[in-house]
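The values are calculated or read from the model by the stated rules, or taken from the named source; none is laboratory data. A quick note: this is a predicted structure, and the numbers were derived from the prediction, not measured. Cβ placement follows ideal geometry from the backbone for every residue including glycine, while neighbour counts extend to all protein chains displayed.
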Amino acid sequence: MISKNHRRGIERPSGTPSGAHAKVDLLRIRQAADALANQRGIDSLTMNDLARALRIRTPSLYSHVEGIGEVKRMLALHGLQELEREAARATIGKAGPDAVRALLNGYRNFARKNPGVYAATLPTPPPEDTEWHAAADRLTQTCLAALQGLGLRGSEVAHALRGLRSLGHGFTSLEVAGAFKGSVDRDRSFAWLTESFIAMLEHQRSGIKAK
């Protein structure tokens with residue numbers, strides 16, 4: 001749980017003030033890891049770099065976390081929580097196509113602003129990690145709520161959910177990686193894909209009603 005003393009993540013790995021060091025705890029470790037992952041990528045995150053960002057020795061860091069796997073789990077939990085909050089904020093008071101449109105835009109905005117943290121949310125949690133599964137399930141439920149007003153039933157809901165995540169993740173991942181450098185505006189491309197996806201869902205709903 002994030003304490004009421006939550007501070008923004010550091011902007012640079014060397015951003016810790018000189019002089020007396022702030023107390024190192026799990027919150028500061030997660031904040032520093034956020035910044036490093038967003039700057040350099042989740043796969044480049046190491047315990048040595050994290051310790052350097054916190055201005056402590058690497059062995060001291062191991063007194064707080066078991067290793068880089070635990071740090072990445074912290075990022076995954078935080079990222080899922082923040083992505084779900086972004087999706088919930090974007091879709092509040094909206095239904096049907098407006099909710100889907102808002103959800104996709106919120107998804108893209110979060111992933112673009114937090115590429116490393118977003119990448120940490122993608123792995124499948126271990127079967128025994130109930131906290132991680134619960135965080136992923138909350139995001140899924142928020143996505144399902146956005147689709148609820150489209151009148152889909154049965155397996156169509158699962159198809160739509162997979163399509164929604166594939167569109168948001170696929171486009172944003174390519175965009176963050178530096179793709180789409182052509183002359184056509186990326187925002188317009190994403191809007192075109194979003195409207196095409198919504199039109200497909202509405203066509204599917206019309207087919208269901210006609211049966």
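Across the range 149-184, the number of residues qualifying as closer than 22 Å to D98 by Cβ and either not small (G, A, S) or not assigned by TED's automatic domain parsing to the domain that holds G93 (or both) comes to 14.
In the range 1-53, of all residues being more than 20 Å from A120 (Cα to Cα) and buried (at least 17 other Cβ atoms within 10 Å of the Cβ), the one that is modelled with the lowest pLDDT corresponds to T16. With the requirement that a residue be outside any helix (DSSP H, G or I) and closer than 23 Å to A37 by Cα, what does the range 96-119 give you? Hit for the range 96-119 is N114, nothing else. Taking residues in the range 146-164 that are on the phi > 0 side of the Ramachandran plot, and partners anywhere that are among the β-branched types (V, I, T) and in a helix (DSSP H, G or I), the pairs with Cβ atoms closer than 7 Å and at least 6 places apart or on different chains are G151/I208.
Considering only the range 91-102, I want to know if a residue exists there that is loosely packed, with under 13 Cβ neighbours inside 10 Å and in the same structural domain as E175 (by TED's automatic domain parsing). Looking through the range 91-102, at least one residue is loosely packed, with under 13 Cβ neighbours inside 10 Å and in the same structural domain as E175 (by TED's automatic domain parsing). Filtering the range 49-78 to residues that are touching a residue at least 24 places away in the same chain (Cβ under 8 Å) and among the small types (G, A, S) leaves A53, S60, A76. Checked against the criterion of being crowded, with 16+ Cβ neighbours inside 10 Å and not in a helix (DSSP H, G or I), the candidates L139, L122, L164, L152 yield just one match: L152.
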